[in-house]
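A short reminder: the numbers here are calculations on the coordinates, not readings from a lab. Remember, predicted model here, so these are calculated numbers, not experimental data. For neighbour counting, all protein chains shown are included, and Cβ atoms are generated from backbone atoms with ideal geometry for every residue, glycine included.
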Amino acid sequence: MATKEIERKIAVIFATDVVGYSKSVEKNEDQTIKNFRVCKKILEDLFKEHDGRIFNTAGDSVLAEFSSAVSAVICATEFQRLMKERNESETSDLKMEFRIGINMGDVVVEGDNLYGDGVNIAARLEALAQPNGVCLSRSVHEFINKKMDFLFNDLGEQTVKDNKFHAFDVVIDDSQKRTIKTKSKSKVPLIAAIVGILVLGIGGYAYYMHSINDTGQKDKKVVIADKPTILVLSFKNSSGDPSEDFISAGIKDSIITTLSNYTQLVVQSTNTTDYIEQNKLPDQKIAADYGVQYKLIGAYQVASEKIRINVELFEIANQSIVWSKKYDFQDTDIFTVQDKISRAVLTELGVNLTMGKQAKTWSSYFTSLEQFQLFMDWHAAWQRKNVKDYYRVEELWAELKPQLADDNPLKYGLEAWTIVLKVSLGLSEEKAKDIKEAYELSKKSVELGEYLPDSHALKAYIESIFLKDYENAVVSANKVVEIGQNSLDAMAIAAGVFRGNGDLEKSLKTYEKIIDIAPHAPTWIKMHFIRTLMVLGKYEKVEKIALPLTKQDHIRASIKSDAYLSLAFVKLIRGDEKKAREYFELQNTDEDRSTVQSLKARWLFNQSGEFLEEFVTQLKTLGLKDE
């Protein structure tokens, strides 16, 4: 005889029972049973209203099935509110309190009954719930989180009778806020986690400012122009309770540890910060001795289970606050709001520091903070434009690509830029094939991102640099300028295309617009701006921009060398051969000494080649070698 197939389905399981039912029965059996019958009738009426179905009962326990997670949670919270109102009007001491657990998972169907892990976990959640409370599994929480206005306690992963599951409390009222994820009562880990997450995004945007290598108070500091250096100071305790002072160290150490993980950011060490604070060093000395441009300062206030944190990013040079934010937390809802807060910090820092509003545009194409951070790491590695970092670009892209939807224009744009880097570094074994693939990807990115300037800039770059299709490159560049006023990278590519096509005035105006939007624009953009200025003969402005670039190191080592060569050329044109040779020799001491070949490879967007030939010829008189 054939064995009947096991029938399975996904269901939302609602489990509930009475808190202390047995003791209540021992105390007054008749009244307890009468009370339970009244409460069960209320529950049954709610089930009918919200499309729930009881499939099993045992004493004071009830198991019900719902087709909708939202309906199940609404039913549960309404029932608990009704029970609270009933208990408040109850004159005897036989108040009836319920626990409710809700899970969504696989169940076995046996007639009208349901079995399996889906039911078991709902029962475990019910046992974990607080009296008068509702406890959810992760599957239910993820489904309803953005559809309902409840607050939730994240209880972390729980193990009950060999079942492991991630649990969340629904916060029906203030009495139900709890944390059972850890046995520690210290608030240091919690607040450190909050602030660590809060500032996590700082590293994601730290690509184009200033930084230092912090090797101790007495060591000479090397300034890196493309990175910010941030000093994280101890947060002030505004609670008025000296017993909370110890929290400050936890906040500071957590931030420093978190930010130190980012290669595109230099954060001063805890020892350096302690030394600065203990000696009360003024801002001028901090900037001069440690190369610090920004201080992260803040204050916290703890009241019961509520935490308020104020954070400010302070720019030392201008003595001004460039960004500030106030955050209010419940110590149990941090895990449900941390992504939202981190994304806000990420985008706000991008707007207020160096990347303009393009940061906000980029972030809108990612569905999670983790995706955005992968992208920013990819972007940083790409910007370094060397062979070693190319393999990091590939690695990051391999991790990010599967996470992006097929209708996301950045999915095709980032893959195309990865190929462009491979070709540019001479790593492509089939150059023509790779260029063709990158171009097709750029067109797909434009198709899906008609109003995304970066897509048009990518297409313009490939058309100009690889395909030599200057007519279409200008069309793409004009589209960038039309729609992409806030995208620095895209605008810089458009400005380069205009220069290469001979429209120097439009190139100049586009670069000037970039600098107006972001005075601390990436140094690679400033270097391309210098090239347009040189072709136009605006030598005074060349010196003004190039000289500061020689006093700092950069993510792209060639930028310092190119700045020295630009200054040497200007001095030659003005007849000051002695100073020109001095600048040239300083370039020769740089790790990335230029040759004619390497210089021409970096000088993009140069269709006519006339000025570049003059530039190279002049530098050859100073000793520039061909290879």
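Observations, loosely collected:
- Euclidean distance of C-alpha centroids, the stretch 597-625 and the stretch 9-62, integer Å: 84 Å
- Cβ crowding within 10 Å averaged over residues, with 618-627, 120-129, 64-73 ranked highest first: 120-129, 64-73, 618-627
- Placing +1 on the Cβ of every Lys and Arg and -1 on the Cβ of every Asp and Glu, with nothing else charged, gives the stretch 522-627 a dipole about its Cα centre of roughly 300 debye.
- For the stretch 522-627, projected area of the alpha-carbon convex hull averaged over all directions, nm²: 6.0 nm²
- From least to most packed, judged by other beta carbons within 10 angstrom and beginning with the fewest, 431, 578, 443 follow the order 578, 431, 443.
- Neighbour net charge for residue 406 - beta-carbon separation under 14 angstrom, K R +1, D E -1: 0
- Here the residues 379, 456, 166, 554, ranked from fewest to most Cβ neighbours within 10 Å of their Cβ, fall in the order 166, 379, 554, 456.
- Most tightly packed first, judged by the mean number of other beta-carbon atoms within 10 Å of their residues, the peptides 402-415, 558-571 read 558-571, 402-415.
- Debye equation applied to the C-alpha atoms of the stretch 7-176, log10 I(q)/I(0) at 0.14 Å⁻¹: -0.69
- Taking every alpha-carbon pair under 8 Å whose residues sit at least 6 apart, the stretch 563-624 reaches a relative contact order of 34 percent.
- Computed over neighbours whose Cβ is under 9 Å from that of residue 530, the net charge equals +2, Lys and Arg +1, Asp and Glu -1.
- Relative contact order [Cα under 8 Å, 6+ residues apart], the stretch 7-176, whole percent: 25 percent
- Ellipsoid equivalent to the stretch 1-93 - semi-axes via the Cα gyration tensor, in Å: 30, 18, 9
- Once the mean of 1/r is taken over each pair of separate Cα atoms and inverted, the stretch 399-477 shows a Kirkwood hydrodynamic radius of 12.5 Å.
- Volume per residue that the Cα convex hull of the stretch 355-518 spans, once the total is divided by residue count, Å³: 105 Å³
- Residue order, fewest to most surrounding Cβ atoms within 10 angstrom, among 77, 229: 77, 229
- Kirkwood-based shape ratio for the stretch 460-512, expressed as Rg/Rh from alpha carbons: 0.93
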